[in-house]
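The values are calculated or read from the model by the stated rules, or taken from the named source; none is laboratory data. Here the structure is a predicted model, which means the values were calculated and not measured. Neighbour counts are summed over all protein chains in view; Cβ atoms, including those assigned to glycine, are modelled from backbone coordinates with ideal geometry. Side chains included, ligands, DNA and RNA excluded: accessible areas come from the protein's heavy atoms. Shrake-Rupley method; radii C 1.70, N 1.55, O 1.52, S 1.80 Å.
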Amino acid sequence: KEMSLKDRIIEGLDKVFEAKIQSHIMNIEVLLGKPVGVAEHPDIMATIEGELDIIASYEDKRSCLKKYFL
């Protein structure tokens, strides 16, 4: 059965949000693995906190998308 346009859009958004989450997780893993080599981020703790804020935002978006539109 072919997916409706609504379902395709929802699925696409979910995939975009998940990809962005994974991207920011990787950023944190790089910061944790090689903090000395990341000269443009003098405050590693604040940088990681910022990355976590972004991850939480995309997780909230995924949750809302599933709660209200699935």
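Which ones in the range 1-15 are in a helix (DSSP H, G or I) and open to solvent by 60 Å² or more (accessible area, probe 1.4 Å)? Give the derivation first.
At the first step, the residues of the range 1-15 found to be in a helix (DSSP H, G or I) are 5-15.
Hits for the range 1-15 are Leu5, Lys6, Asp7, Arg8, Ile9, Glu11, Leu13, Lys15.
Could you check, for the range 16-25, whether at least one of its residues is open to solvent by 100 Å² or more (accessible area, probe 1.4 Å) and either part of a helix (DSSP H, G or I) or modelled with pLDDT of 95 or more (or both)?
Keep residues of the range 16-25 that are open to solvent by 100 Å² or more (accessible area, probe 1.4 Å), which gives none.
For the range 16-25, residues open to solvent by 100 Å² or more (accessible area, probe 1.4 Å) and either part of a helix (DSSP H, G or I) or modelled with pLDDT of 95 or more (or both): absent.
Can you tell me how many residues in the range 45-70 are among the charged types (D, E, K, R), without any contact (Cβ under 8 Å) to a residue 12 or more places away in the chain and more than 20 Å from Asn27 (Cα to Cα)? Give the steps one after another, and end with the answer.
Applying the first criterion (among the charged types (D, E, K, R)) to the range 45-70 yields 49, 51, 53, 59-62, 66-67.
Adding the requirement that they be without any contact (Cβ under 8 Å) to a residue 12 or more places away in the chain leaves 49, 53, 60, 67.
Still in the list and also more than 20 Å from Asn27 (Cα to Cα): 67.
Count: 1.
How many residues does the range 18-34 hold that are touching a residue at least 24 places away in the same chain (Cβ under 8 Å) and closer than 20 Å to Lys66 by Cβ? Steps first, please.
Start the filter on the range 18-34 by keeping residues that are touching a residue at least 24 places away in the same chain (Cβ under 8 Å), which leaves 18, 20-21, 24-25, 27-28.
From what's left, closer than 20 Å to Lys66 by Cβ: 18, 20-21, 24-25.
So the count comes out to 5.
Select from the range 1-17 the residues that are among the charged types (D, E, K, R) and either over 15 Å from the mean Cα position of the chain (by Cα) or within 14 Å of Cys64 (Cβ to Cβ) (or both) and list them in ascending order. Spell out the reasoning first.
Taking the range 1-17 first, the residues among the charged types (D, E, K, R) are 1-2, 6-8, 11, 14-15.
Residues satisfying the conditions are Lys1, Glu2, Lys6, Asp7, Arg8, Glu11, Asp14.
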